[in-house]
1. Which of PRO242, THR292, PHE327 sits farthest toward the positive end of the charge dipole of the chain, with +1 on the Cβ of Lys and Arg and -1 on the Cβ of Asp and Glu?
2. Taking amide H positions as placed in the peptide plane 1.01 Å from N, state which residues far from PHE92 in sequence (5 or more) or on other chains have amide H under 5 Å from it.
3. Sort all Cα-Cα distances of the range 135-202 into consecutive 10 angstrom bins from zero, then give the percent of pairs in each bin up to the one containing the longest distance.
4. Which entries of LYS109/LYS217; LYS68/LYS217; LYS109/LYS259 have Cα-Cα distances beyond 25 Å here?
5. Among SER233, SER176, which comes first, second and so on when ranked by fewest other beta-carbon atoms within 10 Å?
6. With the crude spin-label approximation of a point 7 Å out along Cα→Cβ, what separation in nm comes out for ASN159 versus LEU306?
7. At a 10 angstrom cut-off on C-beta neighbours, averaged per residue, how do the peptides 251-262, 35-46 rank from highest to lowest?
8. Just to check I understand the Karplus step: with θ = phi - 60° and J = 6.51 cos²θ - 1.76 cosθ + 1.60, what whole-Hz values come out for the range 256-269, glycine and proline as x?
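Readers should treat all values here as calculations from the given coordinates under stated rules, not as data from a laboratory. Owing to the predicted nature of the structure, the values given are computational and were not obtained by experimental measurement. Ideal geometry is used to build each Cβ from the backbone, glycine not excepted, and the neighbour counts take in all protein chains shown.
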Amino acid sequence: MKRKIQKLVLASVRISRIEYWLKSMMQTRGAILMLHRVREERRHTPFQPNRLLEISPDFLAQVLEFLKTANYDFVSIDDISDRLASSRSRKFIAITLDDGYRDNFEVAKPVFEKFGAPFTVYVASGMIDGTAIPWWIILEEVIRTQDKISFSHNGSKLNLLCESTKNKNHAFIILSRIFNSVSEENQRSLAELFAQAYSFDIKAYQLNEMMRWDQVKELASSGLATIGAHTDSHLSIARVTPEQARRDIQIGMDRIFAKTGVRPAHFAYPYGKSRDAGPEEFSLAKEMGFLTSVTTRAGVLVEDHLDHLQALPRISVNGEFQTLNEFRSIVSGVPFFLANRFSMLDVN
């Protein structure tokens, strides 16, 4: 139902052409796109609870062609502050991808090269090394292969049927709520126990699905890509102590530097919603020397973001809204402007 309402809103924005009426109020300078995975659609797999994290290479090409035709400039994340400060420049787009999936190198990179579009990959170093625990992936991969899930938590045992796609989606929702309700430390322990119970090899999955360090290094030296930091273990830094957050960010930065020779100057908050990245986390990112930091708060960029370079919003380009008409409405910024009560800033 939520997705249907969102799609209805996007259709209304497109049909009404309301962005032309709101243009002078919004004063949009540009936007940062957020992607995760770029791979062919998995039409044969009806159970895809993480589908919002992936788009097809064909749709990526359509998006870039549309932006090029609409006279957007493709810019590097390094150029964001200069472009925000320049009132005379054309609208711009910076493209980012989170985590460090191998398809970013093998599938997305050729598309970006075709359009001459710079892009940034925020690498969670533990995802490359196979030491991070991506619980959302573990849940999907385990539930996909099971007809029934038995799971103990807080003294209670859950028995979840997973025989149909509907059952599997229900099980994923129930388990996701549990994993989101516990501390970062307990979340990791639960995920490891869950994977062991169903013989899911976390490290093998990551070594197969994530980039290798030589690919990260090749991207860093390509001249088109920027490698950003994304912590080591992909934890929500707002849900641990400042010391733990600082240490995990530093480990990720040091690991990237050791493997590529480039120290990351830009950062993406894991998960990145308001509960995961707020004023304290913005201050920490600034203290650690990042030039910019991106959230997953939805929005476009205006001049006032110059004063909030550690709290930049992004537009999610995801599998739930994989049509150009929907993307046109999203990149206009109107849905975010209206949802944020006629404000372009969401930094608290």
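1. The residue sitting most towards the positive pole is PHE327.
2. Residues meeting the amide H criterion: GLY30, ALA31, ASP73.
3. 21, 61, 18, 0
4. Numbers: LYS109/LYS217 14 Å; LYS68/LYS217 28 Å; LYS109/LYS259 20 Å.
Exceeds cut-off: LYS68/LYS217.
5. Working: SER233 21, SER176 15.
Arranged by neighbour count, lowest to highest, SER233, SER176 become SER176, SER233.
6. 6.4 nm
7. Numbers: 251-262: 18.1, 35-46: 15.2.
Averaged packing, sorted descending, gives the order 251-262, 35-46.
8. Values, residue by residue: 4, 4, 5, 8, 10, x, 10, 8, x, 9, 10, 9, 10, 6 Hz.
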